[in-house]
Structures are given as C-alpha cells and as structure tokens.
Amino acid sequence: MLVQNVSGSAGHSPPKYRTWIQYYRSQFKIKHALTCAEYNCTRTDIHGAHINKYYFNYIKAYHKTYIIPLCPKHNNPNFKQSFYIKCNTKLLECNYINYNFIIKKYIIIYLLVILILSYIKIKLY
Ligand SMILES: [Zn+2]
C-alpha cells in the first residue's frame, strides 16, 4: 500500500487523547508493542502519524487521511516521497480538515457576494 506523509498536521490533536498513538491504540484495542508501519522499518519508537492514501477511479483521483504508527525517521516533514507500508497495518480513518483551505473558500464566496450585490445596486440606480 502506497502512502504519503501529511505536512502541517503536527498542531492537530486527537479527541479525548493526549497523543495520536494513544488514540490509535484505543480505537483498535491494541495492547502489544507496535513497530513502524514503513515496509522495511523495524523501529518501535513510534508516533501516530497522519498519512494520505491515494485512490483513483475513472473520473478522478482523491485521497483520504489516516493515522498509522510511524517512527521519527518516517514521520518527518523532510520525508516527502510516497512509501510502502506493511500490508497488515491498520488504517485509522481521520477526517483531517484543512482549515486554511476552508477559510480561503469562504473569503472568495464572501467577495463574490459583495461583487454581485454591488452590481445589482448599480443596475437599480
Ligand atoms: Zn520507520
């Protein structure tokens, strides 16, 4: 399975848990030690990392964001390339919201509404 790190997710914290890996463990009820999910990696000093998995169908390409266990080497903003993870890795779906994108979208809608309203006003008078 090919995945890629999500950048800019560090400030984001999980619901009711202090760390993403605690949240991950609780959701799958994992008690045993976990190793890094990267295909060849055996490190056990892991974090809960945000990754994107890409999907393609005939119409479009899209991605979903998941939490998986990764070591500091593989959960790193400088580690930008796509990488393979172990096939038995459990993916915890995470509806990571890009707030910057949403704010930008609303500013554009707001400006369009103002533009349309001022246009209507010009027409009326
Ligand atoms: Zn690793």
Query raised in the report: Taking the condition in a loop (DSSP other than H, G, I, E, B) and at pLDDT below 95, does Asn88 pass?
Result: yes
**Report entry** Qualifying residues in region 58-75 (those that are over 20 Å from Trp20 (Cα atoms) and part of a loop (DSSP other than H, G, I, E, B)) - the one nearest to the ligand (Cβ to nearest atom)
**Finding:** Lys60
Report summary line: Those residues of region 19-34 that are free of Cβ contacts under 8 Å to residues at least 40 places away in the same chain and within 16 Å of the ligand (Cβ to nearest atom) come to a total of 2
Query raised in the report: Any residue in region 38-57 that is more than 10 Å from the ligand (Cβ to nearest atom), modelled with pLDDT under 90 and part of a loop (DSSP other than H, G, I, E, B)?
Result: yes
Requested in this report: Determine, yes or no, whether Ile109 is among the hydrophobic types (A, V, I, L, M, F, W, C), over 20 Å from Val3 (Cα atoms) and either in contact with a Phe, Trp or Tyr (Cβ under 8 Å, 6 or more places away or on another chain) or surrounded by fewer than 11 Cβ atoms within 10 Å (Cβ to Cβ) (or both).
Outcome: yes
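The values are calculated or read from the model by the stated rules, or taken from the named source; none is laboratory data. Everything quoted here is computed from the prediction, not taken from an experiment. Neighbour counts are summed over all protein chains in view; Cβ atoms, including those assigned to glycine, are modelled from backbone coordinates with ideal geometry.
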